[in-house]
Each structure stands twice: as structure tokens, then as C-alpha cells.
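Below: the structure, in C-alpha cells.
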Amino acid sequence: MKQIHPLANVQSVQIGENTNIWQFCVVLKDAQIGSNCNICAHCFVENDVKIGNNVTIKSGVYLWDGIEIDDDVFIGPNVTFTNDKYPRSKQYPDKFLRTKIQKGASIGAGSVILGGITIGEKSMIGAGSLITKDIPAGQLWMGSPAKYIRDI
């Protein structure tokens, strides 16, 4: 049974079983969220967002159009995603950049993920990192800009 906090604004009906959405979250009508997810307080999920199963999204994360998150992903508090390489007020691209977080990846608190990036399966991003390019599967990256640390 899904649990949606009464202080959340959830417009989507595409939410799997056993998913919790906490207070002060906004989920737009076309967003897709899988089963057994935990969307913590103060999160925003835009329309063209797909979230797999068993995903944890900690507080203060905003998921913009073009973001796809596979199963078993952890996104730490206040991770920042972008989807427009050259943003301007009231000027929108024809198509937003696509960002893919692959199965089992973990992104540490306060990291910044530029639009159009793929973070590979079971990779790990250290807290506070700036991700400017694709991250291969099974690697630990840290820093600003992030650098390869080791395989995990």
C-alpha cells in the first residue's frame, strides 16, 4: 500500500505499491514512480521523470524533465540535477537533456549532476561532487570536478 502524506501534492497516479511520499513534496501528473520507493520531504518531481523500484530520494532533491532513475538507486539529500546546458529565463529548449542514473548507483549529499550525464550501474558519487561527464559502472568518483578514485 502506498502512503502519501496529506501535506504532499501528488498529481500522478503512476505510483507503485509500497511507495512513501512525504510532506511538502510535489509530484506532477505525468511522473512515473515505481514500487517500494521512499521520496523524502521537500522533493519535486516534474512530468517527464521516470523512477524505478526500490529507489530512495532524500530531502531537498528536485527531479526535472528528462531524468530517468533505474531500480535500487540512492540519491542523497540536496543533490542538484540540471537539464538545460544554457538556461535563460522564459527561454526553453526544444528538448531537455536526458540524464540517466543506472541500476544500483548512489549519489552522495550535495552533489551536482549536469544534464545529459549517465551514471553507470552500481557506481558511487561522493558527497559534494560535481559530475560533468558520464561515470562508468562500478566506479567511485569524488571531487569538484569529480575524479575517478577506484573501482568498487
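The values are calculated or read from the model by the stated rules, or taken from the named source; none is laboratory data. None of the values given here were measured: they were computed from a predicted structure. We place every Cβ from the backbone using ideal geometry, glycine too, and count neighbours over all the protein chains shown.
Observations on the structure shown:
- Within segment 132-152, residues that are closer than 14 Å to K122 by Cα and surrounded by 12 or more Cβ atoms within 10 Å (Cβ to Cβ) reach partners that are at pLDDT 95 or above and among the acidic types (D, E) with beta carbons closer than 8 Å, at six or more positions or on different chains, in the pairs A137/E121; G138/E121; G138/D151; Q139/D151; L140/D151.
- Selection of first residues in segment 45-57 that are free of Cβ contacts under 8 Å to residues at least 40 places away in the same chain and closer than 22 Å to F24 by Cβ and of second residues that are β-branched (V, I, T) and surrounded by 19 or more Cβ atoms within 10 Å (Cβ to Cβ), restricted to Cβ pairs under 6 Å at least 6 apart or on distinct chains, gives the following pairs, ordered by first then second residue: V45/V27; V49/I67; I51/I33; I51/I69; V55/I69; V55/V73; I57/I39; I57/I75.
- Filtering segment 28-44 for residues that are among the charged types (D, E, K, R), in a loop (DSSP other than H, G, I, E, B) and over 15 Å from the mean Cα position of the chain (by Cα) leaves a non-empty set.
- Every residue from segment 1-17 that is part of a loop (DSSP other than H, G, I, E, B) and touching a Cys at 6+ places or on another chain (Cβ under 8 Å): H5, A8, G16
- The condition (being under 24 Å from Q14 (Cα atoms), in contact (Cβ under 8 Å) with a residue 40 or more places away in the chain and surrounded by fewer than 18 Cβ atoms within 10 Å (Cβ to Cβ)) is satisfied by just one residue among K103, K95: K103.
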